[in-house]
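**Q** Handing you this structure, nothing more for now.
The values are calculated or read from the model by the stated rules, or taken from the named source; none is laboratory data. What you see is a predicted model, and the numbers here were worked out from it, not measured in a lab. All Cβ positions, even for glycine, are placed from backbone atoms using ideal geometry, and neighbour counts span all protein chains on display. Heavy atoms of the whole protein, side chains included, go into the accessibility calculation; ligands, DNA and RNA do not. Shrake-Rupley method; radii C 1.70, N 1.55, O 1.52, S 1.80 Å.
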4 protein chains.
Amino acid sequence: MKAFHWPVRVYYEDTDAGGVVYHANYLNFMERARTEWLRSLGIEQDELRAQQGVIFVVRAVQVDYRLPAMFNDLLQISARIVAQGKTSLTIEQQVLRENDQALLCQGEVHVVCLNAEKFRPCAIPAGLLKTIIQGEE
Amino acid sequence: MKAFHWPVRVYYEDTDAGGVVYHANYLNFMERARTEWLRSLGIEQDELRAQQGVIFVVRAVQVDYRLPAMFNDLLQISARIVAQGKTSLTIEQQVLRENDQALLCQGEVHVVCLNAEKFRPCAIPAGLLKTIIQGEE
Amino acid sequence: MKAFHWPVRVYYEDTDAGGVVYHANYLNFMERARTEWLRSLGIEQDELRAQQGVIFVVRAVQVDYRLPAMFNDLLQISARIVAQGKTSLTIEQQVLRENDQALLCQGEVHVVCLNAEKFRPCAIPAGLLKTIIQGEE
Amino acid sequence: MKAFHWPVRVYYEDTDAGGVVYHANYLNFMERARTEWLRSLGIEQDELRAQQGVIFVVRAVQVDYRLPAMFNDLLQISARIVAQGKTSLTIEQQVLRENDQALLCQGEVHVVCLNAEKFRPCAIPAGLLKTIIQGEE
């Protein structure tokens, strides 16, 4: 399956006094890439909630930090499904430095589809799942 | 009128690659102090919304940055009403460094009371206003 | 003078439980636009520090919040110099909603040029100032 | 071994438009608890850097999100060493809701000791390690 890529520029807001991107902020970058990956498939999360009554929430994350990103770096954030269940998706995400393609950070994000009212897991709507899977092929 | 004070410790999350607290984050510190100042008067903002149907939103801010706060600094954030209208309050806030009481940052925050459903300005409930004003005396 | 514009998409990280963009985060958006505006003129802030020994820091901000930005909104953030001194620049910034050009937020940001070692105000290097002023014409 | 606990209040800055704490922000809470746990043992990270030339950086995290924290919740964040190497520590961290002790979130954070100049792994200074281990007993 192909991975989706989304560019992210590092601004001062993303860095900390260590001079590098603060570790929690890579999760923001990964979420931006997931949002844009869904958008590239025609899926808007606010419409998903309003029209189909479902939201995706993060149930677990696993992140390995290899090399630090610095202020002004241009990054590429990838997103690629590596597992799917009836109610969940596991997405592998990489943070690459644009200029030399160095792998800075790698993560796995497990998201669950919830009924937006009851906040309980529910099956990913069939049409939605099809769009996501086909977009990956 | 007396000012309320709330301690805030500077963590890595608050700093940037310049080695100091990132300018936008002082607004977070000020909001924490406003929240705790209301709590000290017995006002919980989630109950305010649920029971009286109103929320306070920030309509304008003005901040002067004098000296930088650094990682690990212990700060004191003050909140003091300097003006009140039917639907709004203006709160003066200072960020002091605990160990020498240096004034690092000073701001004025204008908040407006909104009907939580319609998102339109409405009068600050009389009982609430009384509690706030008396708490300041 | 022409204003520079930079697109910013609103992600979950930018919003709060009120359902709208958290007020401090507009300062992040404005900083991204200032960074990209300088970049569009060929000015990289990390090179500026390494080669000319100067940094720009925010000395004061003034922001009026008019209408809330929501999750998924596409915004345009402008930057335009409205005043300049020997050591400082005042930049007017607007946050517009892309689809209807509604003005959501307006700010004025006062930045000061500092010697990166001593953290003291210094004159904006002549070549740099010329580049900035000409870029605005 | 005993776990250290640190209280964290949820403010608007921590929440997102889903009405709950944004997933990346639990990493901030965990870092605050690690910082305060070291401080409770007499270890200040800025002194560690200045005097011993070492810093701790996050090399990997693993987080399970079980129940959402909401605006105004008072949380307790724990920190407890579960593994140690020559250059690294693995810390288990839990996020508990104060009023009913519900486990909202659980994580494992792997930190590495780096030479602050070269940014390369180095042995945790013996005195430091002793202080940390004894503090846990």
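**Q** Which ³J(HN,Hα) values in Hz, rounded to whole numbers, follow from the phi angles of region D:45-55 under the Karplus curve 6.51 cos²θ - 1.76 cosθ + 1.60, where θ = phi - 60° and Gly and Pro get x?
**A** Values, residue by residue: 5, 6, 5, 4, 5, 5, 9, 10, x, 10, 10 Hz.
**Q** Which value, to two decimals, describes the C-alpha radius of gyration of chain D once divided by 2.2 N^0.38 Å?
**A** Numbers: Rg = 15.6 Å, N = 137, 2.2 N^0.38 = 14.3 Å.
For chain D, the normalised Cα radius of gyration comes out at 1.09.
**Q** Listed here are the pairs C:Lys2/C:Lys86; B:Lys118/C:Lys2; C:Lys86/D:Lys118; B:Lys2/B:Lys86; A:Lys118/B:Lys118; D:Lys2/D:Lys86; which of them are more than 31 Å apart at the Cα? It would help to have the intermediate numbers written out before the result.
**A** Working: C:Lys2/C:Lys86 22 Å; B:Lys118/C:Lys2 37 Å; C:Lys86/D:Lys118 38 Å; B:Lys2/B:Lys86 22 Å; A:Lys118/B:Lys118 24 Å; D:Lys2/D:Lys86 22 Å.
Among C:Lys2/C:Lys86; B:Lys118/C:Lys2; C:Lys86/D:Lys118; B:Lys2/B:Lys86; A:Lys118/B:Lys118; D:Lys2/D:Lys86, the Cα-Cα distance tops 31 Å for B:Lys118/C:Lys2; C:Lys86/D:Lys118.
**Q** Kindly express, to the nearest 10 degrees and within the range 0 to 90, the angle between helix D:126-136's C-alpha long axis and the longest C-alpha principal axis of chain D.
**A** In chain D, helix D:126-136 runs at an angle near 30 degrees to the longest axis.
**Q** For region C:4-136, calculate the relative contact order in percent as a whole number, restricting contacts to Cα pairs under 8 Å that are 6 or more residues apart. Show your work: numbers first, answer last.
**A** Values: 244 pairs, mean separation 35.8, N = 133.
Worked out over region C:4-136, it gives 27 percent.
**Q** Same structure again: Can you give me the accessible area per residue for region D:46-137, using a 1.4 Å probe, in Å²?
**A** 48
**Q** Can I ask one more? Please list log₁₀ I(q)/I(0) at q = 0.06, 0.07, 0.10 Å⁻¹ for the protein assembly as shown, using the Debye equation with identical point scatterers on the alpha-carbon positions.
**A** Once normalised to I(0) and log-transformed, intensities are -0.30, -0.41, -0.88.
**Q** Before we go on, tell me the buried accessible area for the D/C pair, both chains summed, 1.4 Å probe, in Å² to the nearest 100. Walk me through the numbers before you get to the answer.
**A** Values: alone 7680 and 7660 Å², together 14670 Å².
Buried area (both sides, nearest 100 Å²): 700 Å².
**Q** To continue, here is another question. Considering the options B:Pro121, B:Pro7, B:Ala17, tell which one lies farthest towards the positive end of the dipole of chain B, charges being +1 on Lys and Arg and -1 on Asp and Glu at the Cβ, about the Cα centre.
**A** Highest projection toward the positive end goes to B:Pro121.
**Q** Further, regarding this structure: Can you give me the solvent accessible area of C:Trp37 with a 1.4 Å probe, rounded to the nearest 10 Å²?
**A** Surface open to solvent at C:Trp37 totals about 10 Å².
**Q** Relative to the other copies, what are the label-point distances for B:Gly53, with labels 7 Å from Cα along the C-beta vector, expressed in nm at one decimal and sorted shortest first?
**A** B:Gly53 label point versus its equivalents elsewhere: 2.7, 6.4, 6.7 nm.
**Q** Under the rule of -39500 (n - 2.57) per DSSP H run of 4 or more residues, summed and divided by the residues of the protein assembly as shown, what mean residue ellipticity at 222 nm is obtained, to the nearest 500 deg cm²/dmol?
**A** On the way: 8 runs with 108 residues, N = 548.
That comes out to -6500 deg cm²/dmol.
**Q** Roughly how many debye, to the nearest 20, is the charge dipole of region D:4-136 about its Cα centre, given +1 on each Lys and Arg Cβ, -1 on each Asp and Glu Cβ, and no other charges? Please list the in-between numbers first.
**A** Details: 13 positive and 16 negative charges, 111 e Å.
Dipole of region D:4-136, to the nearest 20 debye: 540 debye.
**Q** While we're looking at this one, here's another question. Helix D:25-40 against the longest principal axis of chain D: what's the angle in degrees, Cα atoms only, rounded to the nearest 10?
**A** Tilt of helix D:25-40: around 50 degrees.
**Q** Threshold 50 Å², probe 1.4 Å: give the residues of region C:11-28, in number order, that are less accessible with all protein chains present than with their chain alone.
**A** When all protein chains are present, C:Tyr11, C:Tyr12, C:Glu13, C:Ala17, C:Tyr22, C:His23, C:Leu27, C:Asn28 each give up 50 Å² or more of accessible surface.
**Q** Follow-up question, since we're still on this one. Could you check how much of the accessible area of region C:22-110 is carbon and sulfur, as a whole percent, using a 1.4 Å probe? If you can, show how the numbers build up before the last one.
**A** On the way: 1470 of 3390 Å².
C and S fraction of accessible area: 43 percent.
**Q** Another one. With just the Cα atoms defining each centre, how far is region B:29-48 from region D:63-137? Give it in Å.
**A** For region B:29-48 versus region D:63-137, the Cα centre distance is 29 Å.
**Q** Mind listing the label-point distances from C:Met70 to the same position on all other copies, shortest first, one decimal in nm, points 7 Å along Cα→Cβ?
**A** Listed shortest first, these distances are 2.3, 4.2, 4.6 nm.
**Q** Would you check the accessible area of D:His5, probe 1.4 Å, heavy atoms only, in square angstrom rounded to 10?
**A** In the full protein context, D:His5 sits at about 90 Å².
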